[in-house]
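Q: Following this message is one structure expressed as structure tokens.
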Amino acid sequence: MRSTHSFSTDFIIRKCKGDKTKAMIFARITVDGLSREISIKEKINHADWDNKREIVKGKNPTAQGINKAIDDIRFRIKEKYRALEDAGALITADTVKDSYLGIHTLQKGHKLIELTDYYKKIWEPKLKNGGFKNYRTTIEYIKLFLASKYPGGDIYLSQLNMQTATEFEYYIRNSPIKVDDPCLGNGLAKHMQRFKRIVNWAVEIDWLKNNPFAKYSCPVKKHKRKKLNFQQLVTLEQKVFADENLNFVKDLFICSCYTGFAFADVMELGEEHFEMDTDGTIWCKVYRLKSDVLSPVPLMKPAAEIINRYKVLPESIKRGKIFPSISNQYVNRCLKVIQAICEIDIPFTFHVARHTFAKTVALKNGVPLETVQTMMGHTKITTTQIYADVDEEKILDDMSGVEGQLLKKRALVMERFSPA
């Protein structure tokens with residue numbers, strides 16, 4: 001089956017640098033809009049070139065000889081193009097040029113969709129659903145981009161370059177999968193990072209010699225993690241709603257505020273995740289669904305009271321878990337209602353509870369960063385350090401008492417050096 005490419009061979013001239021009345025003839029090979037040139041080693045008078053017919057004017061032996069050479073070269077370039085096509089080889093302006101010059105090696109190689117499918121086959125079973133779901137979306141974007149950009153809906157890995165990355169970013173920005181939900185900012189940057197990672201993996205498994213996107217910049221803008229301060233947390237704990245669904249969602253949220261578990265981890269909690277230590281401490285030990293990293297957390301009283309209340313419900317017992325079933329989307333919708341009722345000026349999502357545990361419950365009460373990392377189930381401490389930002393409340397805490405100490409020292413100094 002023949003591939004579909006745009007292909008043309010044109011002959012042009014370029015004036016000689018030393019003598020502008022003379023010109024050299026070049027064959028220009030164009031494949032899919034990209035061009036490469038080959039000098040045919042013929043010099044003519046600039047005025048003798050027929051630009052429209054791409055031949056040398058005149059019927060003298062010299063002109064006729066050059067024109068015959070042009071026809072032969074045009075035929076041979078076309079012949080090389082067809083040979084590459086018949087062999088199913090990679091066809092670009094470079095490969096056609098190399099084939100004509102006799103330095104081409106057949107490059108069937110691997111294609112991009114082949115790479116994404118293989119990446120999915122190898123990595124999806126290694127990661128939990130939460131760890132691979134964003135890669136599925138990135139791969140979907142790659143396939144949609146290829147279908148819109150290339151006639152065959154695919155390209156060889158050796159065709160990838162910085163322009164490919166630039167056009168892919170442009171495609172995501174202007175052709176979101178969800179029409180009413182454009183992909184911009186950090187979401188776009190994350191897709192580009194995952195694309196780079198997939199292509200870099202091709203280098204690791206020797207499908208590519210190097211990553212053509214290595215220098216492509218797609219920085220993620222760091223945002224301060226939203227969390228409740230302790231006053232807001234206590235206020236929320238004391239709030240009772242008329243709607244029982246809101247009370248249930250609030251309890252799930254509070255439980256996460258005191259354990260640091262993500263929504264998926266909270267919903268998978270079962271009796272088997274709790275252990276009692278010899279000193280009476282109850283441990284909640286969960287392997288995080290996202291990273292499969294152990295998160296051991298000593299159970300604090302507010303979380304224990306919530307867990308004890310829900311684990312005896314018929315719905316929980318039937319499900320074999322601590323809490324009855326509820327969807328993440330519904331929980332986040334309820335949290336927006338709770339936020340409005342409580343008049344808290346922080347956009348509520350379930351992940352805010354996890355941030356609250358890290359910053360308000362743990363770090364601000366003297367828990368070391370390394371300990372928070374273990375309880376949060378982070379594989380890298382740099383992830384935990386995001387929560388250790390300095391805000392006005394921390395500055396106030398750290399500076400409390402400083403003024404009084406300085407005044408005492410000032411009084412002592414003045415007393416010591418005052419005249420008798």
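The values are calculated or read from the model by the stated rules, or taken from the named source; none is laboratory data. The shown structure was predicted, so the numbers you read here are calculated from the model rather than taken from an experiment. Positions of Cβ are generated from backbone atoms using ideal geometry, with glycine treated the same way; all protein chains shown enter the neighbour counts.
Q: In this structure, is Thr166 outside the structural domain of Glu268 (by TED's automatic domain parsing) and under 26 Å from Ser35 (Cβ atoms)?
A: When the stated conditions are applied, Thr166 passes them.
Q: Continuing with the same structure: List the strands (runs of 3 or more DSSP E) that sit entirely inside the range 5-100 and contain at least 3 residues that are exposed (fewer than 15 other Cβ atoms within 10 Å of the Cβ).
A: Numbers: elements: 7-15, 22-31, 34-45.
Of the strands (runs of 3 or more DSSP E) lying wholly inside the range 5-100, those with at least 3 residues that are exposed (fewer than 15 other Cβ atoms within 10 Å of the Cβ) span 7-15, 34-45.
Q: Based on this model, can you work out whether Ile122 counts as at pLDDT 80 or above, farther than 23 Å from Ala189 by Cβ and assigned to a loop (DSSP other than H, G, I, E, B)?
A: no
Q: Does the range 315-367 hold any residues that are under 16 Å from Gln231 (Cβ atoms) and hydroxyl-bearing (Ser, Thr, Tyr), and which are they?
A: Passing the criteria: Thr356, Thr360.
Q: Name the residues in the range 178-205 that are at pLDDT below 85 and over 15 Å from the mean Cα position of the chain (by Cα), would you?
A: Of everything in the range 178-205, those that are at pLDDT below 85 and over 15 Å from the mean Cα position of the chain (by Cα) turn out to be Lys178, Val179, Asp180, Asp181, Pro182.
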